[in-house]
Every structure is written in structure tokens, then in C-alpha cells.
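Below: the structure, in C-alpha cells.
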Amino acid sequence: MSDDAEMGTGGAGDTRQAWLRSVAADVARLDRSSSAERAADILRRSITEGALPPGAQLSEMELTEVLEVSRNTLREAFRLLTHEGLLVYKLHRGVFVPELDERDVIDLYRLRRVLEVDVIRGLAERDPELPADRLEPLQADVEAAAAAALADRWPTVGTANMRFHEHLIGLADSARMDAVTGRLLAELRLVFHVIATPRELHEPYIARNRSLVELLEARKYEAAAADLHQYLLDSEQGILDAFRAR
């Protein structure tokens, strides 16, 4: 999916059409047996990549066409995402992407610290001689973010950062943690929209992500865990400050 299909970066109609085209491109790459879970995965990824901001309304007519699914299948996908808290149904109005608040920020960051910091600390026992190739996805995410920053493509920097944390949790080799992470990152992208400019939000963390990878490369897991813990506290405070300044 195109990282530049982010809502609000141009005319609303043009941006929505760009997003729908990117969804159609995703569908073209999927197996024709794709079902509600596959449709839900595409929509979840749209939220994670910033293409569906808080308050966006989802149209059954548009999505049944571009996702190439029946209305019943789409409604099942909506139900799955509503259960995850990534969509809300408003009586007589339709289905919307939710708008989160400060309590959600605190809850999400509490979960991030439990998951991400524990993954890093666990490497000391689980995989102390971490092979270099396990860190290649993280390195690629850092380089993708740096390249996007040079091109002034800050929504793309945000998406690279999302992938960085997804790959970080992936070091745990846990399918259950990976599943939790998919929902967690989508909700995080929703709270990130409170920051007025994506550059303000993401720029400081390019270098911090690079530093974290360097600590992991050196197998300094306790130092990496402490660094990540402070990183997440700083990120949480920045988001909370933005909410309180509105």
C-alpha cells in the first residue's frame, strides 16, 4: 500500500480516491479465496499506515467494489475490526474509524512497555548470540525512514517507524505477540494524528531507532532495554502533551 495515501495530505476527495486505488492494488495481490479476515487485514493496515485517520467514515458501497467481497463479508470484516476497537458503528450513521483520547494513550504505552521492553530483555536468555540477519529488517526500516525524511515524506517516515516496532516485537518469535502487535500499532497510528505535523512526531526517533539497533548489534540487551523504556516514556509524554494542548 502506498505510504503517501495518507488522508489529509491533499484534497479530501483526491486523497480518498488514492486510498481506494491502493486498496484495490492490495486486493489484486491476494488469493481469490480471501475472506473477511483478509479484508480486515487490508483495512487494519490502512489504519496502521495512516491512510485512514480518526473520524474517517467507511463506505460499504466503495469497499465491496474495491475489496471484491460481498456485503456480508465486508460486514464481517467490520465486525472483526470493531471487536478490536479499530472501527466503531454509529447508529443511523455508519461505520467510522474511532477517535482515541488520553486514557487510550496511557493504556497503549503501558502495553508497549510490557511487550517491547520484555522482548529486548528476553534476548539475553532466549537468543544471546542473536544472528546479524535477524536485525536486517530493523536496519532496513531505519534506512527507509532516513531516506523518506530526506525527501520530506514524513507520513512515510511514520510508516517505517511502525514497521520498525513490528519487526522489533518479531524478535520474540511469538505468533500471539505478533497478532497483538498488529492491533496495537493500528491504534497507535490513530493517536499519532493528534500531532500537528508528522515531522515533529517522527524526526527525533529516526536516530533513536538507529541507536537501538546498534545496541542490539553489540548484544547489549540490558542497555537496549533501558534505552527503549526511556524512548517509550518520552514518546508517550509527547503525545499526551499534544492532546492537552488541543
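Residues in segment 139-168 that are basic (Lys, Arg) and part of a helix (DSSP H, G or I): Arg163 alone. Residues considered: Arg103, Arg163, Arg112. Of these, the only one that is under 16 Å from Phe192 (Cα atoms), within 21 Å of the chain's Cα centre (by Cα) and free of Cβ contacts under 8 Å to residues at least 12 places away in the same chain is Arg103. May I ask you to list the residues in segment 116-134 that are crowded, with 18+ Cβ neighbours inside 10 Å and within 20 Å of the chain's Cα centre (by Cα)? The answer is Glu116, Val117, Val119, Ile120. Under the condition of being within 30 Å of Glu125 (Cβ to Cβ) and open to solvent by less than 60 Å² (accessible area, probe 1.4 Å), the residues counted in segment 150-185 number 16. Scanning segment 62-99 for residues that are in a loop (DSSP other than H, G, I, E, B) and either open to solvent by less than 30 Å² (accessible area, probe 1.4 Å) or not aliphatic (A, V, I, L, M) (or both) returns Glu68, Val69, Ser70, Glu84, Gly85, Leu86, Leu87, His92, Arg93, Val97, Pro98, Glu99. Of all residue pairs spaced 6 or more apart or on separate chains, those with beta-carbon atoms under 7 Å, a first member in segment 128-149 that is in contact (Cβ under 8 Å) with a residue 24 or more places away in the chain and a second member that is outside any helix (DSSP H, G or I) and open to solvent by 20 Å² or more (accessible area, probe 1.4 Å) are Pro128/Arg219; Leu130/Arg219. Evaluation of Leu212 against the conditions (1) open to solvent by less than 40 Å² (accessible area, probe 1.4 Å); (2) part of a helix (DSSP H, G or I); (3) within 25 Å of Arg44 (Cα to Cα) shows that the sole unmet condition is (3). Residues in segment 194-209 that are open to solvent by 60 Å² or more (accessible area, probe 1.4 Å) and at pLDDT below 85: Ala196, Thr197.
The values are calculated or read from the model by the stated rules, or taken from the named source; none is laboratory data. Note that the coordinates shown come from a computational prediction; the quantities given were computed from them, not determined experimentally. Note that we place each Cβ from the backbone using ideal geometry, even for glycine, and neighbour counts take in every protein chain shown. For accessibility, only protein heavy atoms count, side chains too; no ligands or nucleic acids. Shrake-Rupley method; radii C 1.70, N 1.55, O 1.52, S 1.80 Å.
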